[in-house]
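Peer 1: Here it is: the structure, laid out below.
Bear in mind these aren't lab numbers, they're just calculated from the coordinates by the rules spelled out. None of these values were measured; they are calculated from a predicted model. Please note: Cβ atoms are built from the backbone with ideal geometry, for glycine as well, and neighbour counts cover all protein chains shown.
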């Protein structure tokens, strides 16, 4: 089976952000916009897959004695 070339999540996300900025300028031709959009969709799918894999790893790490241990994740709010 051929290996698929993948980029680290952060690099893919940064590239996706750059594509969005480029498209928001409105300076691209229709053809170039479509190619950029297609590349963005590909990067989005790669990022979603990476996040899904990370979530699965976290779930495995949180599993204790065959049972999922659920705990609350609290974030600090600076209001």
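Peer 1: Within 10 Å of each residue's Cβ, count the other Cβ atoms and sort 44, 25 from fewest upward.
Peer 2: With the fewest neighbours first, 44, 25 line up as 25, 44.
Peer 1: Ranked by Cβ crowding within 10 angstrom, fewest neighbours first, how are 61, 43, 34 ordered?
Peer 2: Sorted ascending by nearby Cβ count, the order is 61, 34, 43.
Peer 1: So what are the three principal axis dimensions of region 9-61 from its Cα atoms, in whole Å, longest to shortest?
Peer 2: That gives 47, 15, 12 Å along the principal axes, largest extent first.
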